[in-house]
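The values are calculated or read from the model by the stated rules, or taken from the named source; none is laboratory data. Here the structure is a predicted model, which means the values were calculated and not measured. Here Cβ is always computed from backbone atoms with ideal geometry, including for glycine, and neighbour counts include all displayed protein chains. Each accessible area value is taken on the protein alone, full model and side chains, heavy atoms only, with ligands, DNA and RNA left out. Shrake-Rupley method; radii C 1.70, N 1.55, O 1.52, S 1.80 Å.
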Amino acid sequence: MTLPPILFHYFQTPLPYARTLALQEKLHALQLSTRRTSPGSHPDLLLLLQHRPVYTFGRRQSQPSIGTEEDENDREHARLKALGADSVCTARGGLVTYHGPGQLVGYPLFDLSRPSPSHPTPIPIRTYISLLIRTITHHLQHTHSLVTAPCAHTGVFLDEHTKVASVGVQVRHRLTTHGFSLNVTKEPIEWFDRVVACGLEGVRAGCIEEAVQRISAGIEGAQSKPSQLTVPSIIPSLVSTFGNVFNREMRALDMDTEGEVQDAVRELEKDAKMAGDWLRAPLEVGDLRSEPS
């Protein structure tokens, strides 16, 4: 059985997190409704984007609490907002992390129940997460000549102390939301340094730009040249790798046509442009790091 192509779209302007989350929910509801009324006709989507600066908390940190714990959570949210970023509770897996410009975020909105030649039965969630991680590791290896390190923790690591990508998903009715993030340039690093990302003490955020420059300097025996790496520059390679790993055709979402998906995407792009500029670095307030969760 041949599966329909995955429709992907890259947002040119960094997006506000809450509005992007609302878009995911809207598209999830649309996929679910279409699957019920016309099975097999609902699209699988891959949203690629950068966020405006935001710290997000996973569902384990987002549950209602009382007393001292609630006060600590409120203080932590206030501290992070004082840095100039949003602070949002989510329903994804994992703990606190950062998203912002210089980091590629991917939100695959897939139906894991679709049968295919390689997966005749519904794709297990663990297998889906493994495919996301494999996509990132293959991209790093084949596009940037970066070798990743095995780790017991979910995500992608350049070594045991340097994490370059995170994965956190939610699955409802076999339909996925949330996804992965990959640090491309150095811009997110200073923001990451203000938290213990994913609760991993002793692990720092890395990025493709730093790792490639380090390799280049070692080969040339001199200081590396300024990087020309940007998030948009890696989109074609990442999309190609995604299709190869998932064994699916990748096709750009046709924004010249009308449709509920296109209308929702256009509305968010308009909101992102109206949101104006964003901070390039955190404000110098608060503690440098939060306590691990």
- Message: Within the range 8-22, name every residue whose backbone N is under 20 Å away from a label modeled 7 Å from Cα of D254 along the Cβ vector.
- Response: 8-11
- The extension gain from D263 to E72, computed as 0.36 nm times the residue separation minus the Cα-Cα distance, is 64.7 nm
- Item | Base-10 log of normalised Debye intensity for the chain (one unit scatterer per alpha-carbon) at q = 0.08, 0.12, 0.13 Å⁻¹ | -0.35, -0.80, -0.94
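Heavy atoms only, probe 1.4 Å: what % of the accessible area of the chain goes to carbon and sulfur, would you let me know?
Within the chain, the accessible surface is 53 percent carbon and sulfur.
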- Task: Between E201 and S38, take the C-beta separation as r, use R0 = 41 Å, and let me know the FRET efficiency to the nearest 0.05.
- Result: 0.25
- Task: Read phi for every residue in the range 37-51 and hand back ³J(HN,Hα) as whole Hz from Karplus 6.51 cos²θ - 1.76 cosθ + 1.60, θ = phi - 60°, with x for Gly and Pro.
- Result: 8, 9, x, x, 8, 6, x, 8, 10, 10, 8, 10, 6, 10, 9
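Helix-only estimate, please: 222 nm mean residue ellipticity of the chain, summing -39500 (n - 2.57) across DSSP H runs of length 4 or more and dividing by its residues, to the nearest 500. Display every interim value, and only then the final one.
Working: 8 runs with 109 residues, N = 293.
So the calculated ellipticity at 222 nm is -12000 deg cm²/dmol.
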- Message: Using DSSP to call loops (not H, G, I, E or B), can you name the GluC sites (Glu not before Pro) in the range 180-280 whose Cβ has at most 12 other Cβ atoms within 10 angstrom?
- Response: E201, E249, E258
- The answer for the chain, accessible area per residue at 1.4 Å probe in Å², is 48
- Message: Can you pull out the trypsin sites (Lys or Arg not before Pro) in the range 237-284 whose DSSP state is coil and whose Cβ has at most 15 other Cβ atoms within 10 Å?
- Response: R280
- Item | DSSP beta bridges in the chain [antiparallel fraction, %, rounded to 5] | 60
- Query: Under 20 Å from the Cα of K163, which aspartates and glutamates turn up, not counting those fewer than eight places away in the same chain?
  - Reply: E187, E190, D193, E201, E209, E210, E291
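Given a Förster distance of 30 Å, report the FRET efficiency between K81 and D271 from their Cβ-Cβ distance, rounded to the nearest 0.05. Can you show the working numbers first?
Values: r = 20 Å, r/R0 = 0.67.
Efficiency, rounded to the nearest 0.05: 0.90.
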- Query: Hey, which aspartates and glutamates would be in cross-link range of K273, C-alpha to C-alpha under 16 Å, not counting anything within fewer than 8 residues on its own chain?
  - Reply: D263
- Query: A152 to I215: extension gain in nm, 0.36 nm per residue of separation minus the Cα-Cα distance?
  - Reply: 20.2 nm
